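Here's the structure we're looking at; comments come further down.
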Amino acid sequence: MAKSTRSKVKRSFRAKKRGEGVYAATEAARLQRLNSKLTAKFDDGDEELAEPVEGDAVQDSNLIAFLDAMELDDSANSSTTKPSRVSTHGPRNSRREEWRKSKGMTPVSKSTRMNRQGLPAARRKSGRPSRRR
């Protein structure tokens, strides 16, 4: 029933929201940021290409008020410094692991189960499909 993002109804409603709805200020801020990046890229930031139009004065005042309330990242600083990489290796420290550590247990319990062949049982049922057919 038209749940896809290719649905024309969903796309039209999103376009309405972007134009005049809740997300209009965010969309305007995004367009302004992208426009400033492009003009800086092609003109080296020396002069502005676009001149303000009278109808845009109301939108500009709303945009300025919105930007004052919202903290945006400085694109000049972010382009010169490399972001620090986040390590994804190592323990995840879940609540369960923290609780086990606080009780003096090992963070992950050791399996003592045996399978039919007398070997330690696997954590997952290997060789068995998870999808019902």
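Among (1) under 14 Å from residue 63 (Cα atoms); (2) open to solvent by less than 50 Å² (accessible area, probe 1.4 Å); (3) over 20 Å from the mean Cα position of the chain (by Cα), there is one condition residue 20 misses while meeting the rest; what is its number?
Evaluating residue 20 over (1) under 14 Å from residue 63 (Cα atoms); (2) open to solvent by less than 50 Å² (accessible area, probe 1.4 Å); (3) over 20 Å from the mean Cα position of the chain (by Cα) leaves (2) as the failure.
Can you tell me which residue in segment 94-111 is nearest to the chain's Cα centre (by Cα), limited to those that are modelled with pLDDT of 80 or more and polar (S, T, N, Q)?
Going through the qualifying residues, I end up with 94.
Mind counting the residues in segment 1-17 that are within 28 Å of residue 63 (Cβ to Cβ), open to solvent by less than 70 Å² (accessible area, probe 1.4 Å) and not polar (S, T, N, Q)?
Number satisfying all stated conditions: 1.
The values are calculated or read from the model by the stated rules, or taken from the named source; none is laboratory data. All values reported here derive from a predicted model rather than from experimental measurement. Every residue, glycine as well, gets a Cβ built from its backbone with ideal geometry; the counts of neighbours run over all protein chains shown. To get the accessible areas, we keep the full protein, side chains included, count just its heavy atoms, and leave off ligands, DNA and RNA. Shrake-Rupley method; radii C 1.70, N 1.55, O 1.52, S 1.80 Å.
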